[in-house]
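Here's the structure we're looking at; comments come further down.
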Amino acid sequence: MPEETLLKVSHIDVFHGSFQALWDVSLEIKPGEIVAIIGANGSGKSTLLDAISGLVHPAKGSIEFEGKNISALEPFRIVDLGISQVPEGRMVFPDLTVLENLVIGSYNHKARSKREQNLQRAYQLFPVLKERKNQLAKTLSGGEQQMLALGRGLMSDPKLILIDEMSLGLAPILVNEMYRILREIRDRGITILFVEQNVRRSLTEADRAYIMEVGRVVLSGDVAKLREEEKVKKAYFGT
Amino acid sequence: MTLLNELATPVVMGILLGGLYAVIALGLSLVFGVIKEINIAHGDLVILGSYFGYVAMTVFGIDPILSLIIGMPILFGIGFVIQKYLLNRAFKISMDATLIIAFGLSLILQNTYQLIWTPMARGLTTSYALESFSAGPVHVPLIYLLDFVAAVLVMLFIHQFLKRTYLGRAIRAAAQDRKTAHLMGINTDRVYAYTFAISMALAAVAGVFLGLTFSFTPISGMSFLIIALGVVVLGGMGSIVGTFVGGIAFGLAQTLGGYFFGVAAQMLVAYVMVLVVLAVIPRGIFGR
């Protein structure tokens, strides 16, 4: 059981029009892991998440989730299967209330029956969302909006959650809190793939990491090993 | 005092008429707010509702308002098909393509109406459509009051639907952020088809009450489209409250314009107001 693969991305190429954003990218995630994708702006991290979510489709290669090829599926089918994405920049629905944002997260039919249960889980993880449930999402602070985006992502009852640049623009103390919650989410049985620009942070929080440069995976492995890699040290830690 | 007494009727008429305008505009506003399509054919689809009521009344002897029980689901279905198989596909090419297709649809509908019902003006003449009521200095046709009651009911229903149902929330979410709506597991193509379908069911209601209030011809759709665009500009695209207030503002401008400047100038006054609002608050009174 522990060695089975939850998500397997094999040699995908993704284009935005005539621009190639991903080149021969492969990645594997096992159930219960926290995996990081690290790279600078424009390295293709977000495109990789969008390809997994079905917002863009790979021109070559395949994406398998629990052994099923999902690379040509529409985004809403992929949410049904149990993959949820928390997009970069939070992207809460500004003119919906906090509660409405959470409820819309449980739109897919499988999640609707578990709505109350998942709502309680979101409130447990983020008590502030319960306090503010009747406020419009646009009136929340940046940190609260990030919590709402994460809480909403959990409402679809996912097996795998993809999180894009969670700590962007948040105060350090809030970043610590978000990572603590991330571990709690994993402890509740949800596998996590997150994208980060902060290399040092990612290499302590994740189990494994993939390092991307201009659309390619250049390094991958256990974070302990990656921290010792000469190339990583030179490029990212300046030693 | 006499001026106030004399003004009472045009003011009340304007407000009540505004309710009808709001119902005519609501479908247009909804489709623009959610799908970002400007449905040039909306006026003609409203007139389709009028002809549906006309057939129900003259052929089957059913009261036009009662006939909506059948008319609304039929137009709902037609709307679903138009968006799903025509406009959703055009939408993926470009926004201009949807505009051109809607324009073509408008021409096809107008000519079809001419073929079936001739260019002659028709009306839904029922016994209650001819009655009027008086309260103090106010004298208005009874049908204007029915228009307004229908408008309030329709607005309340749509408001509650958008707020309380999964589909309603999905429609609002897709209107605010299409990409994130995808990530929530919302099939936006389907949500758009339902939105257009609802807009058509609203056109059925608007068409029947329009036919009870005014006479209509195969080409009346264009003038009501322009009124609806004016209402939506006044109130702000995609807002229900805004559409309601915009409708009343338009109705008042028309009746008061008619009172002060003569019936010939009443529409001019209304459109000048639309232009002024467009110049001063381009987003409309309740626009975001």
Margin query: Nearest 5 percent is fine: what portion of the DSSP beta bridges confined to the range A:150-239 is antiparallel?
Written below: 55 percent
Item checked: Spatially proximal aspartates and glutamates relative to A:Lys30 (Cα-Cα < 16 Å; intrachain offsets below 8 disregarded) -> A:Glu3, A:Glu4, A:Glu64, A:Glu66, A:Asp187, A:Asp207, A:Asp222
Notebook entry, point to check: What does the charge add up to near B:Gly79, with Lys and Arg as +1, Asp and Glu as -1, over the other residues with Cβ less than 15 Å from its Cβ?
Noted result: -1
Check: If you build a Gaussian network model of chain B, linking Cα atoms that sit under 10 Å apart, which residue out of B:Asn88, B:Asn39, B:Asn187 swings the most?
Finding: B:Asn187
Next item on the list: Go ahead and collect, in residue order, the members of the range A:126-154 whose backbone nitrogen is under 13 Å from a label point 7 Å along the Cα-Cβ direction of A:Ile173.
Entry: none
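Could you tell me the calculated FRET efficiency between B:Arg89 and B:His159, based on Cβ-Cβ distance and R0 = 35 angstrom, to the nearest 0.05? Could the numbers behind the result be given before it?
On the way: r = 31 Å, r/R0 = 0.88.
With a Förster radius of 35 Å, E is 0.70.
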Item checked: Spin-label proximity, B:Lys179 to the range A:25-60 - amide N less than 15 Å from point 7 Å beyond Cα toward beta carbon -> A:42-57
Next item on the list: Measure nothing fancy, just the Cα-based angle from helix A:142-154's long axis to the longest principal axis of chain A, in degrees from 0 to 90, nearest 10.
Entry: 90 degrees
Item checked: Distance in nm between pseudo-label sites at B:Val263 and B:Ser132 (7 Å out along the Cβ direction from Cα) -> 1.2 nm
Next item on the list: Compute the signed sum of charges (Lys and Arg +1, Asp and Glu -1) over the other residues within less than 13 Å, Cβ to Cβ, of B:Tyr113.
Entry: 0
Check: Can you give the direction-averaged projected area of the convex hull of the alpha-carbon atoms in the range B:2-216, in nm²?
Finding: 13.6 nm²
Notebook entry, point to check: Of all DSSP beta bridges in the protein assembly as shown, what percent run antiparallel (nearest 5)?
Noted result: 60 percent
Checklist line | Sum of side-chain charges, A:Val92 neighbourhood, beta-carbon under 11 Å (Lys, Arg +1; Asp, Glu -1) | finding: -1
Next item on the list: Give the Rg/Rh ratio for the range B:237-276, taking Rg as the radius of gyration of the Cα atoms and Rh as the Kirkwood radius, to two decimals.
Entry: 1.05
Next item on the list: Take chain A, connect every pair of alpha-carbon atoms lying under 10 Å apart with a spring to form a Gaussian network, then pick out the residue of A:Arg216, A:Arg132, A:Arg208 with the largest mean-square fluctuation.
Entry: A:Arg132
Notebook entry, point to check: What nm value, rounded to one decimal, do you get for the distance between A:Asp187 and B:Tyr271 when each label is placed 7 Å out toward the C-beta?
Noted result: 6.9 nm
Note to self: Can you compute the modelled spin-label distance between B:Leu7 and A:Lys133, with each label point 7 Å from Cα toward Cβ, in nm?
What the structure shows: 4.8 nm
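Loop only per DSSP, at most 11 neighbouring Cβ atoms within 10 Å: give me the GluC sites (Glu not before Pro) in the range A:1-91, ordered by residue number.
When the GluC sites (Glu not before Pro) of the range A:1-91 are filtered for loop state and at most 11 Cβ neighbours within 10 Å, A:Glu3, A:Glu4 remain.
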Item checked: For the range B:4-112, alpha-carbon Rg over 2.2 N^0.38 Å -> 1.30
Next item on the list: Please work out the ratio of the alpha-carbon Rg of the range A:93-158 to 2.2 N^0.38 Å and round it to two decimals.
Entry: 0.98
Check: Share of Cα-Cα pairs in chain A beyond 23 Å, in percent?
Finding: 48 percent
Check: Can you pull the Rg over Rh of the protein assembly as shown, Cα-only, Kirkwood?
Finding: 1.09
Margin query: I'd like the FRET efficiency for A:Asp24 and A:Gln197, computed as 1/(1 + (r/R0)^6) with the beta carbon distance as r and R0 of 22 Å, rounded to 0.05.
Written below: 0.45
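Values quoted throughout were computed directly from the atomic coordinates according to the rules given, and no laboratory measurement underlies them. Because the structure is a prediction, the values reported are computed rather than measured. Every residue, glycine among them, receives a Cβ derived from its backbone with ideal geometry; neighbour counts consider all protein chains shown.
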